[in-house]
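The values are calculated or read from the model by the stated rules, or taken from the named source; none is laboratory data. Just so it is clear, the model here is predicted, and its values are computed rather than measured. Here the Cβ positions follow ideal geometry from the backbone for every residue, glycine too, while neighbour counts run over all protein chains shown.
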Amino acid sequence: MSSAPITAPAAVPRRRRRARRLLSQPLAVVGLAIAVGWLLVAIFAPLLAPYDPLAQDFPLTQAPSREHLFGTDELGRDVLSRVIYGSRLSLPLALLLVVLATALGSLLGAIAGYFRSWVDPLVMRTTDLVFAFPAIILAMVVTASLGPNIRNAVLAIVIVAWPTYARVVRGLVLSLGDAEFVQASRLLGSSSRRTLMHDVLPNLAGPVVVLATLDLANAILLLAGLSFLGLGAQPPDPEWGSMVSVGTQYFQYWWMGTFPGLAIFSAVLAFNFLGDSLRDRLDPRGVSRGKHQGVA
Amino acid sequence: MTLLAVDELRVRVATDDEPLQIVDGVSYEVGEGRIFGIAGESGSGKTVSVLALMGLLPRGASVTGAARFEGDDLVSMTPARLRQVCGREIGLVFQDPLTSFHPMLSVGRQLTEHLRHHYGATRADARGRALALLDEVRIPDPATAFERYPHEFSGGMRQRIAIAGALMCEPRLLIADEPTTALDVTVQAGILRLIDRLRRDRALSVILITHDLGVMSALADDLAIFYGGRIVEDGPADELLAQPRHPYTRALLDALPHPESARGEPLRGIPGPPAQPGSLPSGCVFHPRCAYAVESCRTEVPELRRLGDRGLACPVDPFAP
Amino acid sequence: MSVLEIEGLEVAYERRGHDPVRAVVDASLAVGRGEIVGLVGESGCGKSTLARAAVGLIRPTSGKVVFEGRELSPLDRGARGREAARLQMVFQNPYASLNPRRRVGRQIADALAILGLASREDRPRRAASLLDRVGLPPTAVSRFPHEFSGGQRQRIAIARALAADPSVLVLDEPLSSLDASAQAQIANLLVDLSRNLGLGLLLISHDLGIVHQVADRVCVMYLGEIVEEGPTDEVWARPLHPYTEALINAIPHPDGRRFMPEALPGEVPDPARPPAGCRFHPRCPLAFDRCTHEHPPLEEVVDGRAAACWLAADRAVRQAPGTAPRAAEG
């Protein structure tokens, strides 16, 4: 019995349409360009940096010139090279800690939301505990107690960041639990665990990715902040935050703090733009709405 | 006497992709004290065509044509004047009685707000009018209802209140968009009777938009069938429903379960989904689903021909009497 | 032989500080092999709750569901076995009942994989064949739900349920979200499946017209109770319960004859505070003294027909003189 001819969905034009949609959002394009730009800088740092970032061979505190586009710092190091190499610290570390926080938070949130019982209150009270403290303060406490270095800073930020994911994912899982396709799955014999893996988790990807992208910006900032306070990257690492920190002590040599600061600013802005546009793309479009909802 | 004359109305909406022609040359007349039915499925343009008259379309929409209401053209009016005309002369009732209301304001406040704003009526006068209307729409104990909140009422009651609200400014035209679709059948019957009574008592003109031809049969005096943004058939409702001439109208009626038809007989669906703006077929928009289509239906857009008091956009005319 | 039997089902919700709401009260019905049973009622009558309790998505407060001779236990943490999975459900909203992130073919093959009904190599073929059974082309397997219309999605949902090799399908308002032409097609599909596969269908709907056309038997619900039950033709032509009659008279007729449907006075009462005696009595045109304090049970009045009304036996006699009513109650 074959009565209804299927309307052929437009497969190829969809790709073109998606590209056009992306280009219609200039902020997203700018964000993407900057993010990709920094990514390339991080990858090709040795080729791009004119000098060794740790070499203290140059005249001290020179203003920007043709040999040193960003000037030199108080120890005679080329600021441009340090900023370039700084991307190798800030970006991969921020990415790492967001991945860790997302994984940990999402997993705990999903388990809490799906299995409820005693796991749920346990996870939720823990997140409450973490939320009770301002992020930077908590991160400071953790790093200070574990010992101030970049590895502990990453750990501290993961501890501070995972609860947000747990909360969001738990909420999503709770609402999905009532979703009809989940119920249908259970009726077909799917176990709770299988339903969690196949039905619930894939539908979490969208909102979580948006959250993670925006969080990348926070991570960069937080990492820079900790380093600024001396609790993260230690000298002589060319981390942007610590460079800004030193820069504040040498205010008259404005180039020492300004360029690393601009680097932080541009990276944070880029990920914010990207995250925002991702969120806009995912929300109103609504994954489960058909392309042609009745207009009339 | 014609209250509203719509002439070649076209609505085009800009989207991320190509612009969509949602309404493509629609013309009709609403007589004084008559109920004009606009019937169609989703995607037919029925709601958008009416929203266009009221200036309620989103920013990317462009409206051409004319809609002469009491001498003035609604389409070419300034937004400010349009708001004034609509606020005073046209009442609107929507499908969903829940979202038509502000959940945090009392019923009385929402009913009287409009009158006080548009006409500068005093609180006492507005309240008096509201209570009278609540009574007219058969809300029990209007004084108490006045103080209550929308969520305290059932769907049917809310729809009655919505109708009362639409009548506060004593409009000459009431537009009801799927007013009973979200209601149970016994509640729907009550609302249909109410609209019928209001029309008679107040000589009110009504534009009734619905996909439900049974509702049309109960209420409509004149009827236009929308499909793919165009009118495919129109005429007096009784005649049209008893003797439909356009293949789409006939197919639509055939798809409905008939109380008299034999049980077990399969329902006759129309193959394929209804035409949607953006992917309209060439020529006659209905031709891919039409059992009577000929070669020319694919290439030529049929004109709405006048045949006495009926209009028909089908050159084939397979059901001609 | 009934494949699905619902006996004395009761579903009550606790509310803090309020009386519990009895959403379903002492409901009993049966679905036989290849039989289409319609369950009709208006909003708040409890039909969806009854449907969900019937398949085990909701735990009933009391009463039981017997499926294929075995008592059905509600869904809990564990996975449902092959026997219980032969009772499937199709939901109202075709946009919510399919996982938006998984391809259609995979979702249809779910039951085959989980219940071990087909080997890995065989699954794609079975999925394609199921799609064909519901009138969709095999190319649909690699597509996502959002690429299809409402009617097509509903077909996919049916195909997915069919994969579990069910003997009974419970359908909760499967046609409400669809436009008229899609409704007709899906209704025809359901009848076809029932006749050809011997599937029992419990079709919940507020649309009496469709139910009349399609169902062999019909149960009418009001405020949590089944008030009338019987062969569709009979119930339609000679309703025994005043509510059924009101429901039928409220249906508009699209024939151009200006039929103005009948309205029911009053409102559906709050399920938490139902009227005493017969739950329908405040709105019933035929209510008399007994109705206000004595609750009429659902009783067989004539062969195969039951109604919960003190006047049912009388009406049965008047409608078909010479037929002796089962319960000689007045």
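What single numbered condition from (1) under 24 Å from the mean Cα position of the chain (by Cα); (2) more than 7 Å from every other protein chain (Cβ to nearest Cβ); (3) assigned to a helix (DSSP H, G or I) fails to hold for residue C:111?
So the condition that residue C:111 fails would be (2).
Of all residues in region C:245-278 being touching a residue at least 60 places away in the same chain (Cβ under 8 Å) and within 22 Å of the chain's Cα centre (by Cα), which is nearest to residue C:11 (Cα to Cα)?
Across region C:245-278, the extreme among qualifying residues is C:271.
Of all the residues that make up region C:130-152, how many are surrounded by fewer than 22 Cβ atoms within 10 Å (Cβ to Cβ) and on the phi > 0 side of the Ramachandran plot?
0
Take residues that are within 26 Å of the chain's Cα centre (by Cα) and more than 8 Å from every other protein chain (Cβ to nearest Cβ) and tell me which of the helices (runs of 4 or more DSSP H) falling wholly in region B:218-321 contain 3 or more.
Where helices (runs of 4 or more DSSP H) fall fully within region B:218-321 and carry at least 3 residues being within 26 Å of the chain's Cα centre (by Cα) and more than 8 Å from every other protein chain (Cβ to nearest Cβ), they are B:247-255.
Need pairs with beta-carbon distance below 7 Å; first residue more than 23 Å from residue C:209 (Cα to Cα) and more than 7 Å from chain C (Cβ to nearest Cβ) and within region B:185-202, second surrounded by fewer than 24 Cβ atoms within 10 Å (Cβ to Cβ) and among the small types (Gly, Ala, Ser); sequence gap 6+ or separate chains.
Every condition considered, the pairs that remain are B:199/B:33.
If I ask for residues that are surrounded by fewer than 15 Cβ atoms within 10 Å (Cβ to Cβ) and aliphatic (A, V, I, L, M), which ones from region A:130-140 would you list?
Correct list: A:132, A:137.
Residue B:73 passes all but one of (1) at pLDDT 90 or above; (2) within 29 Å of residue B:213 (Cα to Cα); which number fails?
Tallying (1) at pLDDT 90 or above; (2) within 29 Å of residue B:213 (Cα to Cα), residue B:73 fails exactly one: (2).
Is it true that residue B:272 is at pLDDT below 90 and at positive phi?
Against the criterion (at pLDDT below 90 and at positive phi), residue B:272 qualifies.
So which residues in region A:75-106 are more than 20 Å from residue A:263 (Cα to Cα), modelled with pLDDT of 90 or more and surrounded by fewer than 23 Cβ atoms within 10 Å (Cβ to Cβ), if there are any at all?
A:99, A:100, A:102, A:103, A:104
Got a number for residues in region C:261-292 being among the charged types (D, E, K, R), part of a helix (DSSP H, G or I) and surrounded by 18 or more Cβ atoms within 10 Å (Cβ to Cβ)?
1
Do we find that residue C:228 is at pLDDT 90 or above, within 19 Å of residue C:40 (Cβ to Cβ) and acidic (Asp, Glu) in this structure?
Taking the combined requirement at face value, the residue satisfies it.
Mind listing whichever residues of region C:64-84 are within 19 Å of the chain's Cα centre (by Cα) and either within 13 Å of chain A (Cβ to nearest Cβ) or surrounded by fewer than 19 Cβ atoms within 10 Å (Cβ to Cβ) (or both)?
Once the filter is applied, which keeps residues that are within 19 Å of the chain's Cα centre (by Cα) and either within 13 Å of chain A (Cβ to nearest Cβ) or surrounded by fewer than 19 Cβ atoms within 10 Å (Cβ to Cβ) (or both), region C:64-84 yields C:64, C:66, C:67, C:68, C:72, C:74, C:84.
For region C:15-33, state whether one or more residues are out of contact with any His (no Cβ under 7 Å at 6 or more places or on another chain) and within 14 Å of another protein chain (Cβ to nearest Cβ).
Taking every residue of region C:15-33 in turn, none turns out to be out of contact with any His (no Cβ under 7 Å at 6 or more places or on another chain) and within 14 Å of another protein chain (Cβ to nearest Cβ).
Enumerate the pairs (first residue in region B:278-296 and surrounded by fewer than 20 Cβ atoms within 10 Å (Cβ to Cβ); second residue anywhere and in a helix (DSSP H, G or I) and of a type in the set (D, E, K, R)) with beta-carbon separation below 9 Å, excluding pairs fewer than 6 apart on the same chain, so at least 6 apart or on different chains.
Listed pairs, sorted by first residue: B:281/B:289; B:281/B:298; B:282/B:298; B:283/B:298; B:288/B:298.
Give all pairs with beta carbons closer than 7 Å in which a residue from region B:210-230 that is polar (S, T, N, Q) meets a residue that is in a strand (DSSP E or B); count only pairs at least 6 apart in sequence or on separate chains.
As it stands, the answer is B:210/B:39, since those pairs meet every condition given.
For residue C:127, are the conditions met, namely being over 24 Å from the mean Cα position of the chain (by Cα), buried (at least 24 other Cβ atoms within 10 Å of the Cβ) and more than 9 Å from chain A (Cβ to nearest Cβ)?
For residue C:127, the condition - over 24 Å from the mean Cα position of the chain (by Cα), buried (at least 24 other Cβ atoms within 10 Å of the Cβ) and more than 9 Å from chain A (Cβ to nearest Cβ) - is met.
Pairs only if they're at least six apart or on different chains, beta carbon under 8 angstrom, first in region C:91-103 and without any contact (Cβ under 8 Å) to a residue 60 or more places away in the chain and of a type in the set (Gly, Ala, Ser), second part of a loop (DSSP other than H, G, I, E, B) and surrounded by fewer than 24 Cβ atoms within 10 Å (Cβ to Cβ); list them, first residue then second.
C:96/A:179; C:96/A:288
With C:39, C:87 as the choices, which residue is surrounded by 21 or more Cβ atoms within 10 Å (Cβ to Cβ), more than 14 Å from chain B (Cβ to nearest Cβ) and under 21 Å from residue C:225 (Cα atoms)?
C:39 is the lone residue from the list that is surrounded by 21 or more Cβ atoms within 10 Å (Cβ to Cβ), more than 14 Å from chain B (Cβ to nearest Cβ) and under 21 Å from residue C:225 (Cα atoms).
Quick check on my filter: what residues within region C:216-235 are facing another protein chain (nearest Cβ under 8 Å) and either in contact with a strand residue (DSSP E or B) (Cβ under 8 Å, 6 or more places away or on another chain) or of a type in the set (Val, Ile, Thr) (or both)?
C:232, the sole residue that qualifies.
Of the conditions (1) in a loop (DSSP other than H, G, I, E, B); (2) more than 14 Å from every other protein chain (Cβ to nearest Cβ); (3) buried (at least 22 other Cβ atoms within 10 Å of the Cβ), residue C:45 satisfies every one except a single condition; which number is it?
(2)
Name the pairs whose Cβ atoms lie under 9 Å apart, with the first residue in region A:198-222 and more than 14 Å from chain C (Cβ to nearest Cβ), the second among the small types (Gly, Ala, Ser) and surrounded by fewer than 21 Cβ atoms within 10 Å (Cβ to Cβ), and 6 or more positions between them or separate chains?
Short answer, once both residue conditions are applied: A:216/A:35; A:218/A:135; A:222/A:135.
Which residue pairs have Cβ atoms closer than 8 Å, lie 6 or more positions apart in sequence or on different chains, and pair a first residue in region B:155-172 that is within 14 Å of another protein chain (Cβ to nearest Cβ) with a second residue that is part of a helix (DSSP H, G or I) and surrounded by fewer than 22 Cβ atoms within 10 Å (Cβ to Cβ)?
Once the first residue is within 14 Å of another protein chain (Cβ to nearest Cβ) and sits in region B:155-172, its partners that are part of a helix (DSSP H, G or I) and surrounded by fewer than 22 Cβ atoms within 10 Å (Cβ to Cβ) give B:158/B:150; B:160/B:194; B:161/B:150.
Can you find, within region B:23-51, the residue that is nearest to the other protein chains (Cβ to nearest Cβ) among those that are touching a helix residue (DSSP H, G or I) at 6+ places or on another chain (Cβ under 7 Å) and either closer than 18 Å to residue B:248 by Cβ or without any contact (Cβ under 8 Å) to a residue 12 or more places away in the chain (or both)?
Only one residue tops the list, namely B:41.
Is at least one residue of region C:170-178 closer than 22 Å to residue C:112 by Cβ, within 11 Å of another protein chain (Cβ to nearest Cβ), touching a helix residue (DSSP H, G or I) at 6+ places or on another chain (Cβ under 8 Å) and buried (at least 24 other Cβ atoms within 10 Å of the Cβ)?
yes
Out of all the residues in region C:80-108, which are among the charged types (D, E, K, R) and not in a loop (DSSP other than H, G, I, E, B)?
Answer for region C:80-108, where residues must be among the charged types (D, E, K, R) and not in a loop (DSSP other than H, G, I, E, B): C:86, C:106.
Scan (1) within 18 Å of the chain's Cα centre (by Cα); (2) farther than 29 Å from residue C:297 by Cα for the single condition residue C:103 breaks and write down its number.
Failed condition: (1).
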